[in-house]
Amino acid sequence: MLMAQQTITGTISDAQTGEPLLGANVLQMGTSNGVSADGEGAFRLTLSDSGRAQIRITFVGYQTQKIALEEYESPIQIALKPRAIISNEVFVEALRVDEGSPMAYENIDRTEIQEKNLGQDMPYMLSGTPSVTTTSDAGAGVGYTGLRIRGVDQGRINVTINGIPVNDAESHGVWWVNMPDLASSVENIQVQRGVGTSTNGSAAFGATMNIQTSQMQPEAYGKVNTSAGSFNTKKANVMLGSGLMDNGWQFQGRLSKITSDGYIDRAASDLKSFYLSAAHNGDRSLLRADVFSGQEETYHAWNGVSESRLQSGDRTYNSAGTEKPGEPYEDQTDNYQQDHYQLHYSYQLADNWNANASLHYTYGRGYYEEYKANQTLSDYSINPIQLPDTTIAQSNLVRQLWLKNHFYGGVFSTDYEKEDQWSLTLGGGYNEYDGDHYGEVVWSQYIGDSEIDEQYYLNNGFKTDFNTYLKGQFYLTDQLTAFADAQIRRITYKFLGKDRQQGPNGSEQVVDVQQADELTFFNPKVGLSYHFWEHHRAYASFSVANKEPTRDEYVNSTPENRPRHESLYDWEAGYKGSFEQFFVEANFYYMDYKDQLILTGEINDVGSYTRQNVPDSYRAGIELQAGVQLWPFLEWSGNATLSRNKIQGYTYYLDNYDTGGQESIRYKGPDIAFSPDFIGNSKLRFNYDQFSAEWSTKYASRQYLDNTQNRGRSLDAYILNDVRLGYSWNNTPVLENIEATLLVNNVLDEMYESNGYTYGYISGGEQQFFNYYYPQAGRNFLLQLSFNF
């Protein structure tokens, strides 16, 4: 170990050319003890006992590098990268955490993502990380998919791409189907569980996902990926890169297409996407433009399968389109396109001071089309048809429900580091959302006096979202670091026009709506990290987050009965340690919610079912991780989350069709819906030469469909096993290499459901409940061939 050595030697060179760097400085951190490299790039430094076992290497025009001496043997070979090559990591650094931050987080690198990326959507790239469960409407991971972290749904997980907010401004959701094959253009992902650090966009009430798109490669490259598998799933993409050209520019791009019939009947997906990026490196700057777009057409599969059909063995039934007599309506599809434009600029003001700014614009437009039987014409602004002997007031029809929106704004950050003392980051952003919601009848059995393209409702939502934050790390001692983060977020939201609104007994009506709201939140975070021995740290933190209601909460209420905003007080504490052959981690969390919004079944003052505030609820648990190198070619890793997710006192409202009112039922301490008490993952991995194999196992305990903790309305526990095999042929003629990957999902053919919903009422003096589930595919496979040149 170099820690025990008093003198170290080494050489310093240019990482690109290999030329020695005369005059490069080597400094022992925590001291003023340092030397300069000679004409051969060589140096010799006698260490001070009072300093740290770490050195910092600096040279004008090159990136500073820090080296922990215990990880190297003398002499040390050091290659400095020219400062001109600034990576796009600078655009996400302000939102990310590191070993000095008192947060629970996970980094997923490009290698791990690409091993799983055979056609399934982004949530499946994260399925093995702690506290994660995934869902798929079509049952096979293509089409509409989602994930939960610590039982928290996608609308409460903050997602950014290169620091740009992705969550829908109104619903707060993330629709991965609108960004098909995004994983092929991702460099890495950081998942921060809990509130995490300050970020742009909607508040994190369960976790944060910071996605960084692909790094530019210094050399020109090309790659073709083709895959095929069960349910007629096919994926093909082409990826190209120019490498770094003499004029400082670089270009790269991807073109993708994914199709699948889905596990559920008619749950087909036809997905297209592209990604383009251009970057220019200056002496101290990076200019980068990213454009990516996704176009999707998916057949409706979000109705689920009734419990009675599941019990009869009909797991793939799809009720979508069956309102049409005869064969199901073939165009019962969702059609949407979303274009993302990002422009980033970073400038290095000094070796320890960076400034970043980004502009963005997202344009989304599309509709879902559905056949509706026996509809009341007046609900569609169509006058009843008067005939001599009768009046036609109802008709079969086809409608399209449209969404067109514009989301644009800018984000910024600047960070300054005072070596070995403190670092500060100032950042923020301002974004605007302008979205139209409207509906059209495109066919009707009885059309009456309606016109082509006539809109029977139109509603516009406009939202502004401003935030600014200041955070810092303060190195109190060589081992102890303090963290502080304060964010102010201000939101305005207004909407006007006609909109669809849920009415009594599940009916739908078009009403005039017009509201406006303004909210200002203060979200502080503090914590401590303590580093002891080598590669061991303990930490503790406290964070606050506040979140506004969604569009549905506003539309389905009045200002007098509008839900209050939610607040979260998040306590986290943990330990992480790395040893020679294994590592262990443990994170404890207590997420205390005030006024959390949940679906109670209560009807509000406009006759709509909506989420209501619950005064007190919490999520508490422990997240465990471990890994061990069993043999040189064999390693095991795993994680487990044990948790309690409770509502302190809960009143459930049930419609009584006999009386026309509602009955209330009081529950004490029930589980929060979709929050398993235990989630576990295991991964056994074998690597030898060009061959790799992996067996992964996932377990999720029982999840309840509502907040009554009734086993009759729940998802059974399930255990899944997947197998992945990979082989690479290197130095093949013409091609750089060929890679083959076989993924067998659910290899033991487990029959399970990952999601569902329930509703009920009282009729004939009895409670009646109806459960619907989303069955997932049994054993299925994907095979991919990749050609690199």
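Rule-based calculations on the coordinates, nothing more; no lab input. Keep in mind that this is a model prediction, so the values were computed, not measured. Here the Cβ positions follow ideal geometry from the backbone for every residue, glycine too, while neighbour counts run over all protein chains shown.
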Checklist entry - Fewest first, what order do Val442, Val544, Val555 take by the number of other Cβ atoms within 10 Å? => result Val442, Val544, Val555
Checklist entry - When N counts the residues of the stretch 2-80, how does its alpha-carbon radius of gyration compare numerically with 2.2 N^0.38 Å, as a ratio? => result 1.00
Checklist entry - Remind me, relative contact order of the stretch 221-788 in percent, using alpha carbon pairs under 8 angstrom and six or more residues apart? => result 8
Next on the checklist: Suppose we keep just the DSSP beta bridges with both residues in the stretch 2-80; what percent of those would be antiparallel, to 5?
Outcome noted: 75
Item to check | Within-14-Å neighbourhood charge of Tyr363 [Cβ basis; K, R +1; D, E -1] | outcome: -3
Checklist entry - 222 nm [θ] for the chain, helices only, -39500 (n - 2.57) per DSSP H run of 4+, per residue, to 500? => result -500 deg cm²/dmol
Next on the checklist: Quick check on the stretch 88-213: what are the equivalent-ellipsoid semi-axes from the Cα gyration tensor, as sqrt(5λ), descending, whole Å?
Outcome noted: 21, 16, 14
Item to check | For the stretch 265-330, projected area of the alpha-carbon convex hull averaged over all directions, nm² | outcome: 7.5
Next on the checklist: With a cap of 14 neighbouring Cβ atoms within 10 Å, and only residues DSSP puts in a loop, list the trypsin sites (Lys or Arg not before Pro) found in the stretch 651-708.
Outcome noted: none
Checklist outcome for this item: So Asn737 and Ile719, fully extended at 0.36 nm per residue minus their Cα-Cα distance, gain in nm 2.9 nm
Checklist entry - What residues qualify as long-range amide H neighbours of Gly163, i.e. H under 5 Å apart, gap of 5 or more or another chain, H built at 1.01 Å from N? => result Ile211
Checklist entry - Full extension from Ala278 to Ala228: what is 0.36 nm times the residue separation minus their Cα-Cα distance, to one decimal in nm? => result 14.9 nm
Checklist entry - Roughly speaking, what is the centre-to-centre gap between the stretch 215-277 and the stretch 653-697 when only Cα atoms are used, to the nearest Å? => result 32
Item to check | At q = 0.11, 0.17, 0.21 Å⁻¹, base-10 log of I(q)/I(0) for the stretch 307-445 (Debye sum, equal scatterers on each alpha carbon) | outcome: -0.70, -1.02, -1.19
Next on the checklist: Report, to one decimal in Å, the Kirkwood hydrodynamic radius for the stretch 668-789 based on all distinct Cα pairs.
Outcome noted: 17.7
Next on the checklist: Taking every DSSP beta bridge with both residues inside the chain, roughly what % is antiparallel (nearest 5)?
Outcome noted: 95
Item to check | Two-decimal Rg to Rh for the chain - Kirkwood Rh, Cα set | outcome: 0.99
Next on the checklist: Roughly how far apart, in whole Å, are the Cα centres of the stretch 534-602 and the stretch 410-453?
Outcome noted: 23
Checklist entry - Assuming R0 = 22 Å, what is the FRET efficiency of Thr520 and Tyr430, from their Cβ-Cβ distance, to the nearest 0.05? => result 0.95
Next on the checklist: Give me a comma-separated list of calculated 3J(HN,Hα) values for the stretch 377-387, in order, Karplus coefficients 6.51, -1.76, 1.60 applied at θ = phi - 60°, integers in Hz, x for any Gly or Pro.
Outcome noted: 4, 5, 5, 10, 6, 10, 5, x, 8, 8, 10
Item to check | Rounded to 5, the percent of DSSP beta bridges in the stretch 88-213 classed as antiparallel | outcome: 80
Checklist outcome for this item: Taking the reciprocal of mean 1/r across every pair of different Cα atoms in the stretch 364-440, the Kirkwood radius in Å is 17.6
Item to check | Two-site FRET efficiency, Lys81 against Asp331, from Cβ-Cβ distance with R₀ of 56 Å, rounded to 0.05 | outcome: 0.55
Next on the checklist: Apply the Karplus curve 6.51 cos²θ - 1.76 cosθ + 1.60, θ = phi - 60°, to the phi angles in the stretch 349-362 and return the couplings in whole Hz, x for Gly and Pro.
Outcome noted: 5, 7, 4, 10, 8, 10, 9, 9, 9, 9, 10, 8, 8, 10
Item to check | Taking all pairs of distinct alpha-carbon atoms in the stretch 202-265, Kirkwood radius in angstrom | outcome: 15.1
Next on the checklist: Between Lys324 and Asp379, how high is the FRET efficiency from 1/(1 + (r/R0)^6) when r is the Cβ-Cβ distance and R₀ = 22 Å? Nearest 0.05.
Outcome noted: 0.70
Item to check | Relative exposure of Val224, Val177, Val195, judged by other C-beta atoms within 10 Å (fewest first) | outcome: Val224, Val177, Val195
